[in-house]
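A.B. asks: Below is the structure I would like to discuss, written out as structure tokens.
The values are calculated or read from the model by the stated rules, or taken from the named source; none is laboratory data. Computed from a prediction, not measured in an experiment: that's the story for all the values here. Don't worry about glycine lacking a Cβ; one is built from the backbone with ideal geometry, like all the others, and counts go over all protein chains shown.
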Amino acid sequence: MTPFKIRMRTASLLRRVFSRRFLKFGTVGASGTVINIGMLYLAQEHIFNTVQTTEIRLNLSLALAIFVATLNNFFWNRLWTWKDRVQHHHRPWLFQFGQYTLACWLSIVLQVLFTNLLAPHFYYQIANLIAIGLTSVLNFLLNDIWTFGRVKFKAQASREKTD
């Protein structure tokens, strides 16, 4: 790859990250955080309050909170952040939700990894904020390119040619 092509791809990547779409993505993520915290409280205090084991109740509550927040974020991102790409959605929404969830889980795993790597050098909350920032960019790019992007899979492209 020539230096010119590398510069052009880097510029394209930076434009993508520092865009209005990225701000929308961040706003949706913030709303998901509020939903996650609220759902965690609701599940812990009311939905699963009859579960006797504290750890099981917490894990059930966390799973429900994360699921509801992820579902919220997916639909808001689909309907608002990437609204202009509806005509490019060649996959059913359930398949797209699976892609979105995989991208989120990859970001979560990397967030834990980066936080643990940075924590010896920074206050743990600062390390976590840095990790969140790094993984948010990755999560946005994965969803922008893969989940809501114009990327078509080879099998799907060949099926469209035969139609």
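A.B. asks: Could you please let me know if Ser31 is within 25 Å of Ile108 (Cα to Cα) and in contact with a helix residue (DSSP H, G or I) (Cβ under 8 Å, 6 or more places away or on another chain)?
C.D. replies: Judged against the criteria, Ser31 is a match.
A.B. asks: Tally time: how many residues in segment 42-66 are surrounded by 13 or more Cβ atoms within 10 Å (Cβ to Cβ) and of a type outside the set (A, V, I, L, M)?
C.D. replies: Number of matching residues: 5.
A.B. asks: For segment 4-32, which positions are surrounded by fewer than 12 Cβ atoms within 10 Å (Cβ to Cβ) and at pLDDT 85 or above?
C.D. replies: Of everything in segment 4-32, those that are surrounded by fewer than 12 Cβ atoms within 10 Å (Cβ to Cβ) and at pLDDT 85 or above turn out to be Arg20, Leu23, Ala30.
A.B. asks: Quick one: which residue in Leu79, Leu110, Leu118, Leu129 is surrounded by 13 or more Cβ atoms within 10 Å (Cβ to Cβ) and closer than 18 Å to Gly32 by Cα?
C.D. replies: Leu129
A.B. asks: Residue under question is Ala69, and the condition is that it be loosely packed, with under 11 Cβ neighbours inside 10 Å and out of contact with any strand residue (DSSP E or B) (no Cβ under 8 Å at 6 or more places or on another chain); does it hold?
C.D. replies: Taking the combined requirement at face value, the residue does not satisfy it.
A.B. asks: Still on this model: Among the numbered conditions (1) touching a helix residue (DSSP H, G or I) at 6+ places or on another chain (Cβ under 8 Å); (2) farther than 30 Å from Phe18 by Cα, tell me where Trp76 comes up short.
C.D. replies: Trp76 satisfies every listed condition except (2).
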